[in-house]
Amino acid sequence: MNKVNQIQRVAPIEKKVRVKSTSEAAFKAFTEEIASWWPLDRHSLDSENVDSLVFEAELGGAIYQTMKDGTTIPWAKVQKFTPPDGFVLDWHIGVEPENASRVEVTFSDAGDGMTEVTLLHSDFENSSPEDPEAYKGHYANGWVTVFEDCFAGHFK
C-alpha cells in the first residue's frame, strides 16, 4: 500500500458555470484562449514577472506560464483531450509532476445557446499528503476567482 492510500481521501472540488456559448467555443476559450481570461496578476507563480500563460491544446501537451525573461514554469500535463467534450490534467503547479492532483473540465450543451462547464479538482492527497484539506482549501477559493469569475466572465 502506498502512502497516498493510507491517507484519508478528501472530497473533490466541483464547480459549475453556464456560459452563453457553444461547447466548441467554450472549449476553445478555456484552452487556446486561456491567456485572455486567466488572472495571472493574482493566480500565478511570481506574478510580478509573469508574461503569459500557454495551454498546449493536445494530448500530452502542457500548461505553463512564461516569464518576462522567456523562462517557463510548468503547471500541468494534458492526460486526456477530447474536444469539445473536455480534458483531464495532471495539475502540478508548485509541486513535482509525480505529486500532481487531477483537474477534469467537461463541456455540455445546456440548451438555449448555453454550455454547462464543470470543473472537478481531485487527488489533493497526492500533492499534499501531510495536509490535503488545507491544500484543497487553497484551490477552493482560487477556482472561485479563476473559473467562476474570470472564465465565466469571459463570455459576458
(message) Step by step: first the residues of the range 60-75, then only those that are assigned to a loop (DSSP other than H, G, I, E, B) and under 19 Å from the mean Cα position of the chain (by Cα), then the one that is farthest from GLU32 (Cα to Cα). Which residue is that?
(response) GLY60
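Looking at SER36, SER52, SER47, which one is more than 14 Å from the chain's Cα centre (by Cα), surrounded by 13 or more Cβ atoms within 10 Å (Cβ to Cβ) and small (Gly, Ala, Ser)?
SER52
So, PHE81, is that one surrounded by 14 or more Cβ atoms within 10 Å (Cβ to Cβ), under 21 Å from CYS150 (Cα atoms), touching a strand residue (DSSP E or B) at 6+ places or on another chain (Cβ under 7 Å) and of a type outside the set (D, E, K, R) or not?
No.
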(request) Go through VAL117, VAL88, VAL105 for me and flag whichever is out of contact with any helix residue (DSSP H, G or I) (no Cβ under 8 Å at 6 or more places or on another chain), modelled with pLDDT of 95 or more, surrounded by 14 or more Cβ atoms within 10 Å (Cβ to Cβ) and not charged (D, E, K, R). (result) VAL88
(message) Which count do you get for residues in the range 102-134 that are farther than 16 Å from LYS15 by Cα and either of a type in the set (S, T, N, Q) or without any contact (Cβ under 8 Å) to a residue 12 or more places away in the chain (or both)?
(response) 8
(message) If I ask for residues that are free of Cβ contacts under 8 Å to residues at least 12 places away in the same chain and among the polar types (S, T, N, Q), which ones from the range 52-71 would you list?
(response) THR71
(request) Determine, yes or no, whether VAL95 is in a strand (DSSP E or B) and either at pLDDT 95 or above or not hydroxyl-bearing (Ser, Thr, Tyr) (or both). (result) no
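The values are calculated or read from the model by the stated rules, or taken from the named source; none is laboratory data. Nothing here was measured: the structure is a model prediction, and the numbers come from that model. In this analysis, Cβ positions are derived from the backbone assuming ideal geometry, glycine residues included, and neighbour counts consider all displayed protein chains.
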